[in-house]
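In what follows, a single structure is set out as structure tokens and then discussed.
The values are calculated or read from the model by the stated rules, or taken from the named source; none is laboratory data. Everything numeric here is computed off the predicted structure, so don't read it as measured data. Neighbour counts are summed over all protein chains in view; Cβ atoms, including those assigned to glycine, are modelled from backbone coordinates with ideal geometry.
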2 protein chains.
Amino acid sequence: MNANPKYRRIYDALKKDILSGNYAVGDILPSENTLCAEYSVTRTTVRKALDELEGEGYVYRHHGKGSIVKDRRKSLGLLSVKGFSETVGSGASSRLVYQQELTWEMTSFGFEPTEKELHSKCILFCRQRFVEGAPVMVEVSAIAKEIVPGFDAGKFTDGSFFKTLSSNYLLEITGSEQIIRASMPEGSIASLLEVGEDTPILHVRVRYSTSKPGYYVYSTLYCNTSVYPLSSSHKVRS
Amino acid sequence: MNANPKYRRIYDALKKDILSGNYAVGDILPSENTLCAEYSVTRTTVRKALDELEGEGYVYRHHGKGSIVKDRRKSLGLLSVKGFSETVGSGASSRLVYQQELTWEMTSFGFEPTEKELHSKCILFCRQRFVEGAPVMVEVSAIAKEIVPGFDAGKFTDGSFFKTLSSNYLLEITGSEQIIRASMPEGSIASLLEVGEDTPILHVRVRYSTSKPGYYVYSTLYCNTSVYPLSSSHKVRS
DNA sequence: TAGTGGTCTAGACCACTGG
DNA sequence: CAGTGGTCTAGACCACTAG
């Protein structure tokens, strides 16, 4: 039951329809009861799917009206745990800058590697991200070699690291922790972002948890936020 | 039923015990069934409370083990919709820099005021935030005058804006949207943060939604992240 | 194995929004 | 008013964890 709960199917379908534009901003999704009938489930299950969408900022709920598609501004929206390709959508592309293999001691992601990870070598790779042809982000990522045999950052499914983890290695991303700073880019980052070393950069350290306990994906993001800022949304107390 | 759902009591009690240290980092909370008995509710209700805590990063759930108190690092952690005083806790203080009244047209928070808000004047105030005596954040906030009669930013309950909204005006914060950039501080901000104009600053624009439909709290934060970065955590797919 | 959290059913009553 | 989402009950079966 684990991999495919029913609410996931509903969540996936609705999200796909939102991202594809089948539901536009301001549109009201089918009511909870309608979805119950459509998917032959109870409201609890439908609401679980809608809760996820709401938590990720795709919709908001209006008591007595319905679930309404939100305007997720033109921004990178990274804080809701999705890869670059999935949040930015069309107009996005990326390029592999390098991939190498080294020991964890030589890396620094702001999080300590786990014991399990220290038993393995570390694969480090750097990607440059573009929106509409302009570089907006540089991402340095690391993952334990032993859980991704034959890993090649140049051959990602749909250009997505996370999709590749899922399809090739059955690894799912289950969450993230982020530490966010403003800083100045060092030379190599500045040139990859095509900005001067006096341009302030958003510096985000992320640790993604995976479905394999004790193993994480570490990323450091350098974002030029002058055109595309990050965005996020949260809701409290239901 | 609206103001005080049962899950809120459970949520409040657990959160209080976590913040006060009754449950330390790594501790396992009472099991869901135990909480059911203690509060005479069903698991659905208990889980709703735990879902909230998990979403705010206070605990994580370990299948087969329990709900475990998380380490919420020493950081400003603003991204989870709480005021400064509540997230930083002891060691935090703030100072009112100014408060004034003007029209919305003269403000710019990156979000458009609503029609309801435009019918009212706007109260603008600026606070300087300290951790351990050092300024780490400057916050410029705005709220519609008509929903907070007699407002005085110099006389907040416990020094907390949000607590004041709740206790004096029965206004609850129900969510937030944030836009995050890295930038250079202009002169006045730089001096309030006691940094040079060449120090990169985290620039966060926030719109908090309130329990009063159509009315928001707007804030612009300027953070010196060199010592206290922002942090956040997210979980996906349950 | 007993206990935990994860998912789900099939109901119920309520408060809110709209016509 | 009928329909919507918000909350809640009282069950159930499952997968995971630990002793």
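Taking segment B:24-76 as the region of interest, how many residues are touching a Leu at 6+ places or on another chain (Cβ under 7 Å), assigned to a loop (DSSP other than H, G, I, E, B) and of a type in the set (A, V, I, L, M)?
Result for segment B:24-76: 2.
Which of the residues spanning segment A:1-23 are within 10 Å of DNA strand C (Cβ to nearest atom) and either surrounded by 15 or more Cβ atoms within 10 Å (Cβ to Cβ) or not in a helix (DSSP H, G or I) (or both)?
Residues of segment A:1-23 that are within 10 Å of DNA strand C (Cβ to nearest atom), as a first pass: A:1-11.
A:1, A:2, A:3, A:4, A:5, A:6, A:7, A:8, A:10, A:11 - these are the residues of segment A:1-23 that are within 10 Å of DNA strand C (Cβ to nearest atom) and either surrounded by 15 or more Cβ atoms within 10 Å (Cβ to Cβ) or not in a helix (DSSP H, G or I) (or both).
When the residues of segment A:47-70 are filtered to those that are in contact with a helix residue (DSSP H, G or I) (Cβ under 8 Å, 6 or more places away or on another chain) and away from chain B (no Cβ under 14 Å), which remaining residue is farthest from DNA strand C (Cβ to nearest atom)?
Here the residue is A:69.
Search segment A:20-41 for residues being among the polar types (S, T, N, Q) and more than 8 Å from DNA strand D (Cβ to nearest atom), and hand back the single one that is modelled with the lowest pLDDT. Before you say what the answer is, go through the steps one by one.
In the first step, residues of segment A:20-41 are kept if they are among the polar types (S, T, N, Q); the result is A:20, A:22, A:31, A:33-34, A:40.
When the remaining residues are screened for being more than 8 Å from DNA strand D (Cβ to nearest atom), the result is A:20, A:22, A:40.
Details: A:20: 78, A:22: 89, A:40: 93.
Among residues in segment A:20-41 that are among the polar types (S, T, N, Q) and more than 8 Å from DNA strand D (Cβ to nearest atom), the one modelled with the lowest pLDDT is A:20.
Does at least one position in segment A:151-171 carry a residue that is touching a Leu at 6+ places or on another chain (Cβ under 6 Å) and in a helix (DSSP H, G or I)? Step through it out loud before you land on a result.
The first filter runs over segment A:151-171 and keeps only residues touching a Leu at 6+ places or on another chain (Cβ under 6 Å), leaving A:153-154, A:165, A:171.
Going one step further and asking which of them are in a helix (DSSP H, G or I), we end up with A:165.
Yes, because at least one residue in segment A:151-171 is touching a Leu at 6+ places or on another chain (Cβ under 6 Å) and in a helix (DSSP H, G or I).
Considering only residues that are among the basic types (Lys, Arg) and part of a strand (DSSP E or B), look in segment A:206-237 and name the one that is farthest from the other protein chains (Cβ to nearest Cβ).
Of everything passing the filter in segment A:206-237, A:207 is farthest from the other protein chains (Cβ to nearest Cβ).
Considering each residue of segment A:166-205, count those that are under 18 Å from the mean Cα position of the chain (by Cα) and facing chain B (nearest Cβ under 7 Å), and give that number.
Number satisfying all stated conditions: 9.
Looking at segment A:110-127 only, could you name the residues that are in contact with a helix residue (DSSP H, G or I) (Cβ under 6 Å, 6 or more places away or on another chain) and buried (at least 19 other Cβ atoms within 10 Å of the Cβ)?
Residues satisfying the conditions are A:113, A:122, A:123.
Taking residue B:182 as the residue in question, decide whether it is touching a residue at least 24 places away in the same chain (Cβ under 8 Å) and in a strand (DSSP E or B).
Values: touching a residue at least 24 places away in the same chain (Cβ under 8 Å): no; in a strand (DSSP E or B): yes.
It is false that residue B:182 is touching a residue at least 24 places away in the same chain (Cβ under 8 Å) and in a strand (DSSP E or B).
Answer yes or no as to whether residue A:112 is assigned to a helix (DSSP H, G or I), of a type in the set (Asp, Glu), away from DNA strand D (no atom under 16 Å from the Cβ) and at pLDDT below 85. Before the answer, list the steps.
Working: assigned to a helix (DSSP H, G or I): no; of a type in the set (Asp, Glu): yes; away from DNA strand D (no atom under 16 Å from the Cβ): yes; at pLDDT below 85: yes.
In short, no.
Evaluate the following for residue A:44: is it modelled with pLDDT of 75 or more, more than 14 Å from DNA strand C (Cβ to nearest atom) and polar (S, T, N, Q)? I'd like the intermediate steps shown before the answer.
Working: modelled with pLDDT of 75 or more: yes; more than 14 Å from DNA strand C (Cβ to nearest atom): no; polar (S, T, N, Q): yes.
The answer is no for residue A:44.
From the list B:233, B:238, exactly one residue is at pLDDT below 90, surrounded by fewer than 18 Cβ atoms within 10 Å (Cβ to Cβ) and either of a type outside the set (A, V, I, L, M, F, W, C) or closer than 20 Å to residue A:228 by Cα (or both). Which is it? Spell out how you get there, then give the answer.
Details: B:233 fails: surrounded by fewer than 18 Cβ atoms within 10 Å (Cβ to Cβ).
Selected residue: B:238, the only one of B:233, B:238 that is at pLDDT below 90, surrounded by fewer than 18 Cβ atoms within 10 Å (Cβ to Cβ) and either of a type outside the set (A, V, I, L, M, F, W, C) or closer than 20 Å to residue A:228 by Cα (or both).
Within segment B:184-200, is even one residue touching a Leu at 6+ places or on another chain (Cβ under 7 Å), farther than 30 Å from residue B:61 by Cβ and among the hydrophobic types (A, V, I, L, M, F, W, C)?
no
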